[in-house]
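The values are calculated or read from the model by the stated rules, or taken from the named source; none is laboratory data. Predicted model only: the values in this text are computed from it and were never measured. Cβ: placed from backbone, ideal geometry, glycine included. Neighbour counts: every protein chain shown. Remember, those area values only see protein heavy atoms, side chains included, never the ligands or the DNA or RNA. Shrake-Rupley method; radii C 1.70, N 1.55, O 1.52, S 1.80 Å.
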Amino acid sequence: MEKLLITEDLSKNFVKGGKTIKAVEKVNLALDYGQTIGLVGESGCGKSTTGRLILDLITPSEGKVYFEGKNIYELDKNEKLSFRRNAQIIFQDCFASLSPRIKVGDAIVEVLSIHNIGKDKKDRTNIAKQVFESVGLSEEQMSRYPHEFSGGQRQRIGIARAMCLNPKMIICDEPVSALDVSVQAQIINLMQKLQKDMGLTYLFISHNLNVVRKLCRRVAVMQRGVLVEEGDIETVFRHPQDPYTQRLVAA
């Protein structure tokens with residue numbers, strides 16, 4: 001079967017103070033449909049930049065990203081809109097990605113409207129209700145503003161916004177790192193259920209190896225923008241080959 005996602009020599013350089021910084025260097029990844037791969041490494045290693053490159057939120061210095069066989073950097077306007085619908089992201093700080101002036105239910109309806117899902121506003125509101133219920137939130141909560149929710153509830157809103165378009169892939173950028181342990185477990189269980197129900201593919205970016213081990217079957221380890229090791233999660237964790245991976249696991 002064709003891979004859902006393939007990256008080829010994906011690289012990103014930033015220029016700071018006249019110096020070129022290699023944030024991501026020749027990253028090659030492949031995701032099967034319905035698979036979860038963890039992308040791990042310490043802060044600043046290029047994990048989040050990789051996720052944003054895959055979603056075409058930032059422009060690569062070189063390399064290609066193929067989604068269902070098409071290079072996303074060569075898509076026309078209609079194809080790019082379809083890609084946006086099928087490839088979503090959950091941010092670490094959902095609160096920062098929500099407008100404080102828009103009710104959370106209206107934020108979901110707006111996303112549906114942009115992608116022309118639903119016949120009219122009433123229909124889109126009904127879809128939003130179903131999505132809210134699927135992530136453990138109520139219809140009544142749709143009329144509230146972001147500041148009225150706890151951290152765990154906001155992350156559920158972020159998940160709802162990502163999945164309301166019925167995407168094929170979600171980039172999860174440290175989605176539970178700001179939550180306490182009990183809430184982390186609830187969100188992880190929710191993500192696992194949604195994956196099973198919807199056949200989602202996840203690229204799970206995290207520095208928390210315990211969380212990655214629970215959620216992922218494969219893991220890729222990044223150091224200073226370079227993938228230094230990739231493989232089955234139990235094999236990598238029990239018998240790490242790269243010295244950097246060995247230090248991560250030991251820590």
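Looking at this structure, is ILE6 at pLDDT 95 or above, more than 23 Å from VAL211 (Cβ to Cβ), aliphatic (A, V, I, L, M) and open to solvent by 10 Å² or more (accessible area, probe 1.4 Å)? Break it down into steps so the answer makes sense when it comes.
Details: at pLDDT 95 or above: yes; more than 23 Å from VAL211 (Cβ to Cβ): yes; aliphatic (A, V, I, L, M): yes; open to solvent by 10 Å² or more (accessible area, probe 1.4 Å): yes.
It is true that ILE6 is at pLDDT 95 or above, more than 23 Å from VAL211 (Cβ to Cβ), aliphatic (A, V, I, L, M) and open to solvent by 10 Å² or more (accessible area, probe 1.4 Å).
What pairs come out if I take residues in the range 145-172 that are assigned to a loop (DSSP other than H, G, I, E, B) and pair them with residues that are crowded, with 19+ Cβ neighbours inside 10 Å and of a type in the set (Ser, Thr, Tyr) whose C-beta lies under 8 Å away, six or more apart or interchain?
Listed by first residue and then by second, the contacts come to LYS168/THR201.
Residues being in contact with a strand residue (DSSP E or B) (Cβ under 6 Å, 6 or more places away or on another chain) and part of a loop (DSSP other than H, G, I, E, B): count how many of those fall in the range 90-128. Walk me through how you get there before you give the answer.
Pass one, the range 90-128, residues in contact with a strand residue (DSSP E or B) (Cβ under 6 Å, 6 or more places away or on another chain): 90-92.
Among the residues that remain, those that are also part of a loop (DSSP other than H, G, I, E, B) are: 91-92.
So the answer is 2.
Checking the condition modelled with pLDDT under 95, in contact with a strand residue (DSSP E or B) (Cβ under 7 Å, 6 or more places away or on another chain) and not in a loop (DSSP other than H, G, I, E, B), which residue from GLN195, GLN246, GLN186 passes?
GLN195
Return the pairs, sorted by first residue and then second, in which the second residue is among the β-branched types (Val, Ile, Thr) and surrounded by 19 or more Cβ atoms within 10 Å (Cβ to Cβ), the first residue lies in the range 227-251 and is farther than 13 Å from VAL212 by Cα, the beta carbons are less than 6 Å apart, and the residues are 6+ apart or on different chains.
The qualifying pairs are LEU227/VAL27; VAL228/VAL221; GLU229/VAL221; GLU229/THR245; THR245/VAL221.
Does the range 9-33 hold any residues that are part of a loop (DSSP other than H, G, I, E, B) and open to solvent by less than 40 Å² (accessible area, probe 1.4 Å), and which are they? Working first, answer last.
To start, the set of residues in the range 9-33 that are part of a loop (DSSP other than H, G, I, E, B) comprises 17-18, 28-29, 32-33.
If the condition is that a residue be part of a loop (DSSP other than H, G, I, E, B) and open to solvent by less than 40 Å² (accessible area, probe 1.4 Å), then LEU29 is the only one that fits.
Give the number of residues within the range 130-144 that are closer than 10 Å to ILE157 by Cβ, free of Cβ contacts under 8 Å to residues at least 24 places away in the same chain and part of a helix (DSSP H, G or I).
0
What pairs come up if the first residue lies in the range 34-62 and is more than 25 Å from GLY199 (Cβ to Cβ), the second is open to solvent by 10 Å² or more (accessible area, probe 1.4 Å) and hydrophobic (A, V, I, L, M, F, W, C), and their beta carbons are under 6 Å apart, counting only those six or more places apart or on different chains?
Listed pairs, sorted by first residue: GLY46/ALA23; THR49/ALA23.
Can you tell me how many residues within the range 90-122 are surrounded by 12 or more Cβ atoms within 10 Å (Cβ to Cβ) and either of a type in the set (D, E, K, R) or at positive phi (or both)?
Number satisfying all stated conditions: 6.
Looking at the range 173-192 only, could you name the residues that are surrounded by 19 or more Cβ atoms within 10 Å (Cβ to Cβ), over 16 Å from VAL135 (Cα atoms) and either among the small types (Gly, Ala, Ser) or free of Cβ contacts under 8 Å to residues at least 60 places away in the same chain (or both)? Show your work before the answer.
Of the residues in the range 173-192, the ones surrounded by 19 or more Cβ atoms within 10 Å (Cβ to Cβ) are 173-176, 179, 184, 187, 191.
Narrowing further to those that are over 16 Å from VAL135 (Cα atoms): 173-174, 179.
Answer for the range 173-192, where residues must be surrounded by 19 or more Cβ atoms within 10 Å (Cβ to Cβ), over 16 Å from VAL135 (Cα atoms) and either among the small types (Gly, Ala, Ser) or free of Cβ contacts under 8 Å to residues at least 60 places away in the same chain (or both): just LEU179.
Does the range 209-225 hold any residues that are open to solvent by 50 Å² or more (accessible area, probe 1.4 Å) and either within 19 Å of GLU25 (Cβ to Cβ) or touching a residue at least 12 places away in the same chain (Cβ under 8 Å) (or both), and which are they?
Residues of the range 209-225 that are open to solvent by 50 Å² or more (accessible area, probe 1.4 Å), as a first pass: 210, 213-214, 217-218, 224.
Correct list: ARG213, LYS214, ARG217, ARG218, ARG224.
What's the total number of residues in the range 57-89 that are of a type in the set (D, E, K, R) and either assigned to a strand (DSSP E or B) or open to solvent by less than 30 Å² (accessible area, probe 1.4 Å) (or both)? I'd like the intermediate steps shown before the answer.
We begin by selecting, within the range 57-89, every residue of a type in the set (D, E, K, R); these are 62, 64, 68, 70, 74, 76-77, 79-80, 84-85.
Those left that are additionally either assigned to a strand (DSSP E or B) or open to solvent by less than 30 Å² (accessible area, probe 1.4 Å) (or both): 62, 64, 70.
Residues that pass the stated criteria total 3.
I'm trying to understand the selection: among the residues of the range 230-248, which are closer than 28 Å to PRO167 by Cβ and open to solvent by less than 30 Å² (accessible area, probe 1.4 Å)?
GLY231, ILE233, VAL236
Applying the selection to the range 34-56, what residues are hydroxyl-bearing (Ser, Thr, Tyr) and open to solvent by 70 Å² or more (accessible area, probe 1.4 Å)?
To start, the set of residues in the range 34-56 that are hydroxyl-bearing (Ser, Thr, Tyr) comprises 36, 43, 48-50.
Within the range 34-56, SER43 is the sole residue that qualifies.
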